[in-house]
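> Mind looking over this structure? Questions follow.
The values are calculated or read from the model by the stated rules, or taken from the named source; none is laboratory data. Treat the numbers as computed from the prediction; the structure is a model and nothing was measured. Cβ placement follows ideal geometry from the backbone for every residue including glycine, while neighbour counts extend to all protein chains displayed. Just so you know, the surface numbers come from the protein's heavy atoms only, side chains and all, with ligands and any DNA or RNA stripped out. Shrake-Rupley method; radii C 1.70, N 1.55, O 1.52, S 1.80 Å.
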Amino acid sequence: MTDQILEYDDAGKGLPLLLIHGFPHDRRLWRSQIAGLEGTARVIAPDLRGFGASGDPAGTMSMDEHAADLHALLEELGIQKVVVAGLSMGGYIALAFLARYPTVVKGLILCNTRAAADTDEAREGRETTARKVMVEGVAPLAKTMLPGMLTQEFRSTRPGSSASIQTMMQEQRTAGVVSALRGMALRPDRTPMLGTITVPTLIITSSADKVIPPSESEAMAKAIPESTLVVIDGAAHLSNVEAPEAFNSAVRGFMAGLTAFEPPSPLNEASAHR
Ligand code: MLT
């Protein structure tokens, strides 16, 4: 592996917005957000280690270790403050990032995700899936997962977009997928930290998400003091793919709120006192 562990897109100018993809995805998940938000923010969309064009992990990677990779990338880019957005597994990593690097986070966007750890049953299911992937490869898993990612309506009316999501999922490598399955199973319950989150937080969910139902987002919104909940009507798990306009507009509004109340910089304060 080279020093440059993560491949990424870096587009636009303004407050940095880090987009963390879900499982088993890569930065192609964010195509509509990069195009739709680069006029609003500096959008940084990496491939997590083990996914897309990034290097492979040495073994199981915890959500914390993914967060550390992302922090190293931001340091390399000279970014000191960032809005961290994660979808599903990306949300687990976003919460790990906030726990490890609270001073770097200016705002948090939790999309179609949850704070709770896996149940014992879910953990066992992940291990069974990991073993299956080691034998069969990723393609059968991608096929099984697609109906959870996108509604039947989207799949039938937008076959091209739906096929791109399936291709993106089945192109992932066994090493990354197995590592992520085991890493997600290890993640701690982040529910106790929700009440302590002080950064403004946007929570996005969608009414037809059966992978992580909207009730999980509603619970997070109740627990996080400075949070706003947006429910996108009719979309499944990949709300950003099914409803990019609604998704991007929620993010734009949130980013505008973060920059509107920027405290004056020391330079401005000095000139104001003159
Ligand atoms: C995801 O979309 O990232 C996964 O469905 C998350 C999970 O398996 O818990």
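> Apply the Kirkwood formula to segment 98-151: the hydrodynamic radius equals the inverse of the mean of 1/r over all pairs of different alpha-carbon atoms; give it in Å with one decimal.
In segment 98-151 this quantity evaluates to 14.3 Å.
> Using the 2.2 N^0.38 Å rule of thumb for compact globular proteins, work out how segment 1-76 stacks up: its C-alpha Rg over that value, please.
Normalised Rg, Cα atoms only: 1.07.
> Accessible area per residue, 1.4 Å probe, Å², for segment 138-227: what's the number?
45
> Hey, another quick one. So if I place +1 on the C-beta of Lys and Arg and -1 on the C-beta of Asp and Glu, and nothing else carries charge, what would the dipole magnitude of the chain be about its Cα centre? I want it in debye, nearest 20.
Computed about the Cα centre, the dipole is about 200 debye.
> Picking from 198, 128, 174, which is most flexible by a Gaussian network model of the chain using Cα springs under 10 Å?
Result: 128 has the largest fluctuation of those listed.
> Order 153-159, 220-226 from most to least packed using the mean count of other Cβ atoms within 10 Å.
220-226, 153-159
> What nm distance separates the two modelled labels at residue 10 and residue 152, each placed 7 Å from Cα along Cα→Cβ?
Modelled inter-label distance: 4.6 nm.
> If you don't mind, there's one more thing I want to ask. At a 1.4 Å probe, what is the % contribution of carbon and sulfur to the accessible area of the chain?
Answer for the chain: carbon and sulfur cover 53 percent of the accessible area.
> Right, next: Treating only the Cβ atoms of Lys and Arg (+1) and Asp and Glu (-1) as charged, compute the dipole magnitude of segment 151-257 about its Cα centre; round to the nearest 20 debye.
My answer is approximately 340 debye.
> What whole-number value in Å² describes the accessible area per residue of segment 39-117 for a 1.4 Å probe?
28
> Check cross-link reach from residue 143 to the lysines: straight Cα distance under 29 Å, and skip same-chain residues fewer than eight apart.
By straight Cα distance, residue 143 reaches 132, 210.
> So for the chain: antiparallel DSSP bridges make up what percent, rounded to the nearest 5?
Taking every DSSP beta bridge with both residues in the chain, the antiparallel ones total about 15 percent.
> Within the set of other residues whose C-beta is less than 15 Å from the C-beta of residue 163, count the net charge using Lys and Arg as +1 and Asp and Glu as -1.
Result for the local shell: +3.
> Going by average Cβ density within 10 Å per residue, which order do the peptides 63-73, 206-216 take, highest to lowest?
63-73, 206-216
> Quote to one decimal, in nm, the extra length available between residue 136 and residue 191 on full extension: 0.36 nm per residue of separation minus the C-alpha distance between them.
16.3 nm
> Can I ask one more? In a shell of Cβ-Cβ distance under 13 Å around residue 209, excluding residue 209 itself, what net charge do Lys and Arg (+1) and Asp and Glu (-1) give?
-2
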